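One structure below.
The values are calculated or read from the model by the stated rules, or taken from the named source; none is laboratory data. Keep in mind that what you see is a predicted model, and the values were worked out from it rather than measured. Here the Cβ is made from the backbone with ideal geometry for all residues, glycine too, and neighbour counts use every protein chain on show.
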Amino acid sequence: MADPKPLKTLRTRRKKAKEVIAVLREEFPNTECSLIHEDAWQLLVATILSAQCTDARVNKVTPGLFEQFPTPQDFADAPLAEIEEAIHSTGFYRNKAKSLQGAGRALIERHDGEVPNDMKALVKVPGAGRKTANVVLGEIYNNPDGVVVDTHVSRISLKLGFSDTVDPVKAERQLNEVIPRVDWADYGHLIIDHGRKTCRARVPKCDDCSLYKWCVIRA
């Protein structure tokens, strides 16, 4: 990818962001979180598992995982080896298993077994950085603290000129200024949909891209 061009004025980027979001909403009217879940705990677990793993793979693992370990207490009490075996195919299973068990114990000990609706509290839960916390806060509580920045969002936001860095913390800060707060949760879903369908990392389908005219870093 070419070096990013200097960012336009904040006012210009905000106007452009509204136009981009409007186009993507028309293209993906039913956009939603692709991680299958029934509640905040299941989404927290699924998001932790999604690191360096496809959502499709996570969705294959979680039904059996939640049947075996239905609650945070079950994860807290389970032998670590059993959690590792259940999530093995998601990759980095040893670290993820420690995070899941740690998350279960943290929720039991500090939050009465409930996933907190608060960024400061959530990021103290093992395995839950700002990205994971924003996924849960936005999807479950409709209260995101910022835009969810995954690899699709980081890469495509850079191409659109909404940010000038792939550092997730810095990119989130820039995107929070550009993307309307009401769209913080859906922006990530829409960009992920666009990245999977059209703006693929290796072979982008620029000829079919509904956002091509706004792209400042073209393949």
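Do you know which residues across region 140-158 are under 10 Å from the mean Cα position of the chain (by Cα) and either in a loop (DSSP other than H, G, I, E, B) or modelled with pLDDT of 95 or more (or both)? It would help to see each step written out before you state the result.
Let us first name the residues in region 140-158 that are under 10 Å from the mean Cα position of the chain (by Cα), namely 147-153.
Correct list: 147, 148, 149, 150, 153.
Tell me which residues, restricted to region 184-211, are aliphatic (A, V, I, L, M) and assigned to a helix (DSSP H, G or I). Walk me through it before giving the result.
Step one: list which residues in region 184-211 are aliphatic (A, V, I, L, M), which gives 185, 190-192, 201, 203, 211.
Matches in region 184-211: 185, 190, 191, 192.
Pick from 181, 202, 196: which is of a type outside the set (Gly, Ala, Ser) and under 21 Å from residue 12 (Cβ atoms)?
On the way: 202 fails: under 21 Å from residue 12 (Cβ atoms); 196 fails: under 21 Å from residue 12 (Cβ atoms).
Exactly one residue qualifies, and that residue is 181.
Out of all the residues in region 34-52, is one or more more than 23 Å from residue 142 (Cα to Cα), assigned by TED's automatic domain parsing to the domain that holds residue 114 and not aromatic (Phe, Trp, Tyr)?
Of region 34-52, the ones more than 23 Å from residue 142 (Cα to Cα) are 52.
Retained after the next criterion (residues that are assigned by TED's automatic domain parsing to the domain that holds residue 114): 52.
Among the residues that remain, those that are also not aromatic (Phe, Trp, Tyr) are: 52.
Within region 34-52, one or more residues are more than 23 Å from residue 142 (Cα to Cα), assigned by TED's automatic domain parsing to the domain that holds residue 114 and not aromatic (Phe, Trp, Tyr).
Are there any helices (runs of 4 or more DSSP H) wholly within region 36-87 with 1 or more residues that are under 21 Å from the mean Cα position of the chain (by Cα) and farther than 18 Å from residue 107 by Cα, and if so which?
55-68, 80-87
Look at residue 175 and say whether it is in contact with a helix residue (DSSP H, G or I) (Cβ under 9 Å, 6 or more places away or on another chain), closer than 21 Å to residue 19 by Cβ and either of a type in the set (A, V, I, L, M) or in a loop (DSSP other than H, G, I, E, B) (or both). Steps first, please.
Values: in contact with a helix residue (DSSP H, G or I) (Cβ under 9 Å, 6 or more places away or on another chain): yes; closer than 21 Å to residue 19 by Cβ: yes; either of a type in the set (A, V, I, L, M) or in a loop (DSSP other than H, G, I, E, B) (or both): yes.
In short, yes.
Based on what the data block shows, is residue 170 out of contact with any His (no Cβ under 6 Å at 6 or more places or on another chain), surrounded by 15 or more Cβ atoms within 10 Å (Cβ to Cβ), in a helix (DSSP H, G or I) and among the basic types (Lys, Arg)? Steps first, please.
Details: out of contact with any His (no Cβ under 6 Å at 6 or more places or on another chain): yes; surrounded by 15 or more Cβ atoms within 10 Å (Cβ to Cβ): no; in a helix (DSSP H, G or I): yes; among the basic types (Lys, Arg): yes.
No.
Of the residues that make up region 142-155, is at least one in contact (Cβ under 8 Å) with a residue 60 or more places away in the chain and outside the structural domain of residue 48 (by TED's automatic domain parsing)?
yes
Does residue 71 satisfy the condition of being surrounded by fewer than 21 Cβ atoms within 10 Å (Cβ to Cβ), under 30 Å from residue 118 (Cβ atoms), at pLDDT 95 or above and touching a His at 6+ places or on another chain (Cβ under 6 Å)?
Numbers: surrounded by fewer than 21 Cβ atoms within 10 Å (Cβ to Cβ): yes; under 30 Å from residue 118 (Cβ atoms): yes; at pLDDT 95 or above: yes; touching a His at 6+ places or on another chain (Cβ under 6 Å): no.
Considered against the rule, which asks whether it is surrounded by fewer than 21 Cβ atoms within 10 Å (Cβ to Cβ), under 30 Å from residue 118 (Cβ atoms), at pLDDT 95 or above and touching a His at 6+ places or on another chain (Cβ under 6 Å), residue 71 comes out as no.
Please give the number of the condition residue 117 fails out of (1) part of a helix (DSSP H, G or I); (2) of a type in the set (S, T, N, Q); (3) under 30 Å from residue 170 (Cα atoms).
Condition (1) is where residue 117 drops out.
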